[in-house]
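To start, the structure under review is shown below, and the notes come after it.
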Amino acid sequence: MKTVLITGGAQRIGAEIAKTLHDNQFNVIIHYNESEQEAKALCAKLNNRRQNSAQRIHANLASVDEINQLVGVIENIDLLVNNASVFYPTPLENCTVNDWDTIMNINLKAPFLLSKGLSKKLKQTQGCIVNIVDIHAERPLKNYAIYNISKTGIKTLTKTLAKELAPDVRVCGVSPGSILWPEQKAELEPHKKQIMLERIALKRQGSTADIAEAVLFLANANYITGEVINIDGGRTLHQ
């Protein structure tokens, strides 16, 4: 039985990754920050299926101290999925240094520190890291400058760690396209959603299952490292 840590694993894409890996004989450690109730419910559901197979750990990934505490409580690990992410608009004319720190700390610094901190334990199990990137790492999204930069960084981090940690640890990435509509400050108006769908070759959104299955594939793909797979319905074909 292998063990996976999924950051931001309590809801949305992270929760689907947790369920898919659990269905495929992983014990799951679900990291959460504000989504305590969702984390509790998901752990209960998974433990009902297989006793003592899921646990939850709280940490604010903007805090280096809390990242270090998270690393310290993990006894063994086969797979790290860096999924937690912050996404909201930061138009250049009014974004702030605080916006920069918030997005970069969670989207880029935390995956780096977690990968570094858990690398020895991952080497012991010949493990794997899968980073959730974004197609906007290649094609920047207007008014999301800091987010774009953070995701470009994690794509480069993926390839860098693949070299640094080889041959003992594989490092790969998954770049989602349009999977779930953004929420809260990033919510889109209906006409903008339609414009986005028209730019996708398959003319539809993907599902969280599409991302989870890609993570599972990479977790088991023993001769793939340093690769980032686009799961975007052909969105990147649009010029």
Need pairs with beta-carbon distance below 6 Å; first residue more than 14 Å from Lys45 (Cβ to Cβ) and modelled with pLDDT of 95 or more and within the range 12-34, second of a type in the set (Ser, Thr, Tyr) and not in a strand (DSSP E or B); sequence gap 6+ or separate chains.
Ile13/Thr208; Asn27/Ser53; His31/Thr7
Which residues, taken from the range 190-238, are closer than 21 Å to Glu16 by Cβ, of a type in the set (S, T, N, Q) and assigned to a helix (DSSP H, G or I)?
Thr208, Asn220
State yes or no: is Pro167 modelled with pLDDT of 95 or more and either assigned to a loop (DSSP other than H, G, I, E, B) or small (Gly, Ala, Ser) (or both)?
yes
Looking at Ile200, Ile179, can you tell me which residue is surrounded by 19 or more Cβ atoms within 10 Å (Cβ to Cβ) and either in contact with a strand residue (DSSP E or B) (Cβ under 9 Å, 6 or more places away or on another chain) or over 19 Å from Val4 (Cβ atoms) (or both)?
Ile200
Identify, from the list Ala15, Ala62, the residue that is under 28 Å from Ile231 (Cα atoms) and part of a loop (DSSP other than H, G, I, E, B).
Ala62
Long-range neighbours under 6 Å by Cβ, at least six apart or interchain, first residue of a type outside the set (D, E, K, R) within the range 80-101, second assigned to a loop (DSSP other than H, G, I, E, B):
Asn82/Thr7; Asn83/Thr7; Asn83/Gly8; Ala84/Thr7; Ala84/Gly8; Ala84/Leu61; Pro89/Asn143; Pro91/Asn143
So which residues in the range 41-60 are touching a Phe, Trp or Tyr at 6+ places or on another chain (Cβ under 9 Å) and farther than 17 Å from Ala84 by Cβ?
Ser53
Within the range 19-48, of all residues that are of a type in the set (S, T, N, Q) and part of a helix (DSSP H, G or I), the one farthest from the chain's Cα centre (by Cα) is Asn48
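The values are calculated or read from the model by the stated rules, or taken from the named source; none is laboratory data. What you are looking at is a predicted structure, and each value in this text was computed from that prediction instead of being measured. Neighbour counts run over all protein chains shown; Cβ positions are idealised from the backbone, glycine included.
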